[in-house]
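The structure under discussion appears below in the form of structure tokens.
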Amino acid sequence: MKLSDTSHFSRLTIAFIAVSMALLSHQLMAMTFQMQEVCIEGMTPRCQNIALAEGPIVKNTPAEFKEWSRNIPSGTWIALTSPGGSVVGGLQLGQAIRMGGFNTTIGNSEYSPNNCLSACAYAFLGGVIRYLPPNAKYGLHQYRAPEKEINADEAQKLNAIMGKYVDSMGVDRRVLDYAQLTSSDKMTVLSQTEAKRLRVDNYGQSLYPKWRLEVANDGKLLVLNTANIQGRLPISIGFAKMKQAIVCVIYYKSNDEVAFTTTTPHKMTIDNQSHSLVQTSSWQEKNGGYQMIFDIPKKTLDALENISDDSVFTINAEFFQNPKGIQGPATIKLGGLGLKNALNILSKS
């Protein structure tokens with residue numbers, strides 16, 4: 001072989017290695033998913049086959065997770081190990097985890113630390129059941145844009161989105177204070193006690209979010225909560241005061257126009273007693289979904305105002321045609337935590 005041929009061969013070899021290294025680098029810089037046996041202290045059973053989500057969260061991570069987890073049953077544990085990445089990607093990954101009905105913990109492989117930091121911390125909140133192991137690090141800090149500075153308007157919008165996200169996951173909003181009070185070049189790691197208090201870790205606790213009070217844009221006081229049907233259809237449930245009467249407002253995040261063209265009877269079941277809600281009008285399209293106001297009979301309101309914090313009640317919707325993605329009965333499960341107190345404040349407002 002001539003020297004020139006050898007040089008040409010060397011250049012091709014170097015080019016091939018460079019391309020291979022670039023591809024490998026790209027793979028290492030994005031979160032990957034695999035089923036494997038992981039042993040986590042404090043979980044029962046301690047060692048089990050779970051989904052290990054490992055690596056940085058990038059723009060495509062939520063879509064890749066949805067595709068990868070398509071045939072994984074709800075209730076599967078997702079063990080996250082990640083230094084962070086895209087904040088928006090973290091929120092969307094958390095939503096995908098919740099929509100799938102999965103649980104979250106923090107786990108590691110021999111190639112990664114036992115950490116869930118920055119954007120991963122928000123993805124972690126998507127778990128229906130969330131468990132923070134004793135030796136794991138759950139870390140928060142201020143978000144930052146890698147490509148450009150975030151102006152005041154963008155920061156305000158993102159703060160509002162993150163607040164609603166945390167509420168919808170049943171986590172205490174004060175968790176955001178830890179992030180906002182920690183500069184982006186530092187990390188605040190929650191203790192297990194703090195994680196339990198803020199419901200970041202809800203292992204062994206009620207799975208249902210606490211009812212909260214909010215003030216609407218028109219100044220009216222609202223009692224709000226969030227839920228879903230079969231882990232797929234997000235729902236907001238609220239109570240408001242209209243003409244001195246308390247009404248129930250139910251909002252479905254769905255674009256299935258056909259499902260919301262007819263009257264849809266809704267019934268509450270509280271302490272094994274069925275209560276019919278009275279639909280006041282046709283469904284109203286709002287913010288990418290459909291909303292309805294229901295009158296609440298006095299007997300039903302009395303039951304709600306005396307519900308205990310540890311109670312669980314349901315709302316059953318009888319759709320003429322179920323919204324897309326929902327199979328069988330459309331049942332919404334809700335906890336009673338904070339409802340009695342919130343309704344008492346609403347009634348006196």
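The values are calculated or read from the model by the stated rules, or taken from the named source; none is laboratory data. Every value quoted in this text rests on a predicted model; they were computed, and no experiment measured them. Cβ sites come from the backbone with ideal geometry, for glycine too, and all protein chains shown count toward neighbours.
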> Just wondering, is there one or more residues in the stretch 234-243 that are charged (D, E, K, R), modelled with pLDDT of 90 or more, assigned by TED's automatic domain parsing to the domain that holds Ile129 and not in a helix (DSSP H, G or I)?
Replying inline: no
> Out of all the residues in the stretch 206-223, is one or more outside any strand (DSSP E or B), outside the structural domain of Ser281 (by TED's automatic domain parsing) and surrounded by fewer than 17 Cβ atoms within 10 Å (Cβ to Cβ)?
Replying inline: yes
>> Taking the condition of being modelled with pLDDT of 85 or more, surrounded by 19 or more Cβ atoms within 10 Å (Cβ to Cβ) and closer than 14 Å to Leu91 by Cα, how many residues in the stretch 161-188 meet it?
In response: 5
> Does Ile40 meet the test of being over 22 Å from His141 (Cβ atoms), surrounded by 22 or more Cβ atoms within 10 Å (Cβ to Cβ), hydrophobic (A, V, I, L, M, F, W, C) and touching a strand residue (DSSP E or B) at 6+ places or on another chain (Cβ under 9 Å)?
Replying inline: yes
> Is there a residue in the stretch 85-100 that is in contact with a Ser or Thr (Cβ under 8 Å, 6 or more places away or on another chain), farther than 26 Å from Ser191 by Cα and either surrounded by fewer than 16 Cβ atoms within 10 Å (Cβ to Cβ) or of a type outside the set (A, V, I, L, M) (or both)?
Replying inline: yes
> What number of residues in the stretch 104-122 are surrounded by fewer than 24 Cβ atoms within 10 Å (Cβ to Cβ), within 20 Å of Leu198 (Cα to Cα) and of a type in the set (S, T, N, Q)?
Replying inline: 1
>> Condition (residue is modelled with pLDDT under 95, in a strand (DSSP E or B), charged (D, E, K, R) and in the same structural domain as Phe319 (by TED's automatic domain parsing)) applied to the stretch 246-256: is it met by at least one residue?
In response: no
>> touching a strand residue (DSSP E or B) at 6+ places or on another chain (Cβ under 6 Å), assigned by TED's automatic domain parsing to the domain that holds Ala216 and either at negative phi or not in a helix (DSSP H, G or I) (or both): which single residue out of Asn316, Asn341 fits that description?
In response: Asn316
